[in-house]
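The values are calculated or read from the model by the stated rules, or taken from the named source; none is laboratory data. Just so it is clear, the structure is predicted and the values come from calculations on it, not from any experiment. As a convention, Cβ positions derive from the backbone with ideal geometry for all residues, glycine included, and neighbour counts pool all protein chains shown.
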Amino acid sequence: MLREKRYKQIVHTVEQDILDGKYKVGDRIASINSWCIRTGLSRSSVMLALDELKSRGIIEAEQSVGYFVSSTRVEIAHRILLVFGDYNLFKEDLYNSILQSLGPGALVDIVFHHCDRATFDVLLENAAGKYTVYVVMPGGSFDGIEGQLKRLGGKVILVDHFSESLKGVFSSVAQDFANDTYDALVKGLSRIRQYREIILVQSSRIEPYERYDGLRRFCQEFELASGYLKTMAEMPIKPGTVYLTPEDREIVTILSAAQHQGLTAGVDFGLVSYNDTVLKEIIAGGLTTITTDFIQMGRTVVELMRDKDIRTIHNPCHLILRKTL
């Protein structure tokens with residue numbers, strides 16, 4: 001604790017000098033050697049202080065030149081980067097929940113890797129050392145990222161997808177796609193019994209295949225047929241079948257085909273979507289959904305930011321029964 005208090009003196013000195021107007025953006029601050037002489041601290045202690053100021057975006061380093069003021073917003077206690085896969089309505093719920101749970105005193109930036117590994121790698125490389133907290137939503141197929149995440153230099157929290165190999169290394173709040181699907185179908189069993197088959201329809205590389213593992217387990221246990229399709233385009237709706245899909249485009253395709261065939265969702269066939277939104281409350285009179293609680297996920301992210309321990313948390317998932325099942 002003594003070491004922390006001593007190096008914090010440098011942090012507070014730079015903050016106060018900025019508040020007093022002694023520094024403006026672009027001004028050079030004292031060198032490492034100067035701080036060592038001025039404070040009597042070791043180089044490693046001085047580096048702790050400068051790294052904290054860097055992670056908060058207050059200063060930046062220019063190799064072989066020195067340290068310069070990059071922001072005068074010293075009231076920001078945390079500088080947070082959200083690295084998300086893509087943008088959609090439920091990710092917006094997650095983003096807003098994080099902002100509301102943080103309250104004042106934090107600056108939040110957001111970038112998207114679109115489940116492209118090369119983009120993901122570049123985003124992490126460019127962000128290293130610039131933030132105090134990194135909230136990372138890795139792609140489901142991204143392997144070997146532990147070294148990259150450790151080099152970021154701040155607290156790392158993984159969200160949504162999670163690899164067992166990273167358990168105990170970084171905190172996380174994530175879905176369990178296989179078990180969440182199985183548990184949701186069990187909750188809807190009384191309605192599902194009127195059908196003969198469940199088919200998962202998904203083609204996007206963003207979507208996790210583990211959902212099919214949960215679906216097959218359910219169908220084997222309750223003696224239903226199961227299937228997997230990449231798309232329902234140009235395919236007829238089979239009465240007595242439940243179609244399960246995370247993709248909005250497939251919802252439109254299925255409902256359009258049903259209308260052409262004179263079939264009704266929830267009567268002739270079942271339709272279940274993932275990730276609830278306000279629009280799904282009214283589509284086809286109310287679309288049944290399997291959905292994780294993204295608002296709770298945001299709250300848990302902020303809780304993990306403030307927690308010194310490394311924890312792995314399963315985010316709650318719900319089945320919302322509506323007219324289409």
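At-a-glance table
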read-out: Top-ranked residue in the stretch 197-229 [being at pLDDT below 95 and either acidic (Asp, Glu) or surrounded by fewer than 16 Cβ atoms within 10 Å (Cβ to Cβ) (or both); ranked as nearest to the chain's Cα centre (by Cα)]; value: 207
read-out: The stretch 50-99: number of residues that are at positive phi and surrounded by 15 or more Cβ atoms within 10 Å (Cβ to Cβ); value: 1
read-out: Qualifying residue in the stretch 175-196 (condition: out of contact with any Gly (no Cβ under 6 Å at 6 or more places or on another chain), in a loop (DSSP other than H, G, I, E, B), surrounded by 15 or more Cβ atoms within 10 Å (Cβ to Cβ) and at pLDDT below 95); value: yes
read-out: Qualifying positions in the stretch 34-71 - farther than 17 Å from residue 152 by Cβ, not small (Gly, Ala, Ser) and not in a helix (DSSP H, G or I); value: 41, 58, 59, 62, 63, 65, 67, 68, 69
read-out: Given (1) touching a helix residue (DSSP H, G or I) at 6+ places or on another chain (Cβ under 6 Å); (2) modelled with pLDDT of 90 or more, index of the condition residue 133 fails; value: (2)
read-out: Index of the failed condition, residue 18 passing every other in (1) of a type in the set (A, V, I, L, M); (2) in contact with a strand residue (DSSP E or B) (Cβ under 8 Å, 6 or more places away or on another chain); (3) not in a helix (DSSP H, G or I); value: (3)
read-out: Residue 11 assigned to a helix (DSSP H, G or I), of a type in the set (Val, Ile, Thr), surrounded by 13 or more Cβ atoms within 10 Å (Cβ to Cβ) and at pLDDT below 90; value: yes
read-out: Residue, surrounded by the most Cβ atoms within 10 Å (Cβ to Cβ), within the stretch 230-248, restricted to residues that are farther than 17 Å from residue 291 by Cα and polar (S, T, N, Q); value: 241
read-out: Any hit, the stretch 255-269, residues being surrounded by fewer than 19 Cβ atoms within 10 Å (Cβ to Cβ), touching a residue at least 12 places away in the same chain (Cβ under 8 Å) and within 30 Å of residue 172 (Cα to Cα); value: no
read-out: Residues that are assigned to a loop (DSSP other than H, G, I, E, B) and at pLDDT below 95, drawn from the stretch 283-310; value: 293, 306, 307, 308, 309, 310
read-out: The one condition in (1) within 23 Å of the chain's Cα centre (by Cα); (2) assigned to a helix (DSSP H, G or I); (3) modelled with pLDDT of 95 or more that residue 259 fails to fulfil; value: (1)
read-out: Every residue from the stretch 278-312 that is of a type outside the set (D, E, K, R) and surrounded by fewer than 18 Cβ atoms within 10 Å (Cβ to Cβ); value: 278, 279, 282, 285, 286, 295, 296, 310, 312
read-out: Scan of the stretch 29-49 for residues that are surrounded by 13 or more Cβ atoms within 10 Å (Cβ to Cβ) and either of a type in the set (A, V, I, L, M) or over 20 Å from residue 7 (Cβ atoms) (or both), ordered by number; value: 29, 30, 32, 41, 46, 47, 48, 49
read-out: Boolean, residue 79 is farther than 23 Å from residue 177 by Cβ, in a loop (DSSP other than H, G, I, E, B) and charged (D, E, K, R); value: no
read-out: Sole exception among (1) surrounded by 23 or more Cβ atoms within 10 Å (Cβ to Cβ); (2) outside the structural domain of residue 311 (by TED's automatic domain parsing); (3) of a type in the set (S, T, N, Q) for residue 172, by number; value: (2)
read-out: Those residues of the stretch 100-151 which are in contact with a Lys or Arg (Cβ under 8 Å, 6 or more places away or on another chain) and on the phi > 0 side of the Ramachandran plot, in sequence order; value: 115, 129
read-out: Any hit, the stretch 188-200, residues being in contact with a strand residue (DSSP E or B) (Cβ under 9 Å, 6 or more places away or on another chain) and under 20 Å from residue 135 (Cα atoms); value: no
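Each row is one residue, and each column tells you yes or no for (1) touching a residue at least 60 places away in the same chain (Cβ under 8 Å); (2) more than 31 Å from the chain's Cα centre (by Cα).
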residue: 19; (1), (2): no, yes
residue: 22; (1), (2): no, yes
residue: 25; (1), (2): no, yes
residue: 28; (1), (2): no, yes
residue: 44; (1), (2): no, yes
residue: 55; (1), (2): yes, no
residue: 59; (1), (2): no, no
